[in-house]
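Chemist: Okay, here's the structure, questions in a sec.
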């Protein structure tokens, strides 16, 4: 078992459909602790950095348009094996393939409109937490 902190981004669809509370409740019911949370608008610069692995793809402008159309909520979430467990709770990236009972299966629509982004490794989580939270915005108890 590994004690970890991960980044979750509640995407614009989650904010617009008022799903932040219900999804956050699922994370808390799974035993995870909130260590930081804030709402923000994402600009092209941070999106280009965050999605650098696909910034050269033809669909990248669609991602920028979607992710910047309304605010997102950034969440620092802590717990045992939180990275893998959150990804299991979310279900596959493609919401159409996500089973009922997973967050994306219950609330998502497709590959992009899929409620949340979640870090996929401890290394990604560390980099992403630094990208979306300033020093002093992620708390330990």
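Chemist: Kindly provide the set of residues from the stretch 64-80 that are surrounded by 15 or more Cβ atoms within 10 Å (Cβ to Cβ) and either in contact (Cβ under 8 Å) with a residue 60 or more places away in the chain or out of contact with any helix residue (DSSP H, G or I) (no Cβ under 7 Å at 6 or more places or on another chain) (or both), ordered by number.
Modeler: 72, 73, 74, 75, 76, 77, 78, 79
Chemist: Which of the residues that make up the stretch 82-101 are without any contact (Cβ under 8 Å) to a residue 24 or more places away in the chain and surrounded by fewer than 20 Cβ atoms within 10 Å (Cβ to Cβ)?
Modeler: 84, 88, 92, 93, 94, 96, 97, 99, 100, 101
Chemist: All but one of (1) crowded, with 17+ Cβ neighbours inside 10 Å; (2) closer than 16 Å to residue 9 by Cα; (3) free of Cβ contacts under 8 Å to residues at least 60 places away in the same chain; (4) out of contact with any helix residue (DSSP H, G or I) (no Cβ under 8 Å at 6 or more places or on another chain) hold for residue 126; which doesn't?
Modeler: (1)
Chemist: For the stretch 7-55, give me every one of the helices (runs of 4 or more DSSP H) that falls completely inside it and has 1 or more residues that are modelled with pLDDT under 95.
Modeler: Once the helices (runs of 4 or more DSSP H) in the stretch 7-55 are filtered for at least 1 residues that are modelled with pLDDT under 95, what remains is 44-50.
Chemist: Would you confirm whether any residue within the stretch 45-65 is farther than 19 Å from residue 140 by Cα and in contact with a strand residue (DSSP E or B) (Cβ under 7 Å, 6 or more places away or on another chain)?
Modeler: No: zero hits.
Chemist: Only residues that are within 19 Å of residue 90 (Cβ to Cβ), in contact (Cβ under 8 Å) with a residue 24 or more places away in the chain and surrounded by fewer than 17 Cβ atoms within 10 Å (Cβ to Cβ): list them for the stretch 27-53, please.
Modeler: Correct list: 30, 31, 33, 34.
Chemist: Now for a different question. Return yes when residue 4 is in a helix (DSSP H, G or I), at negative phi and in contact with a helix residue (DSSP H, G or I) (Cβ under 7 Å, 6 or more places away or on another chain) and no when it is not.
Modeler: No; evaluated as a whole, the condition is false for this residue.
The values are calculated or read from the model by the stated rules, or taken from the named source; none is laboratory data. What you see is a predicted model, and the numbers here were worked out from it, not measured in a lab. Note: ideal-geometry Cβ built from the backbone for every residue, glycine included; neighbour counts use all protein chains shown.
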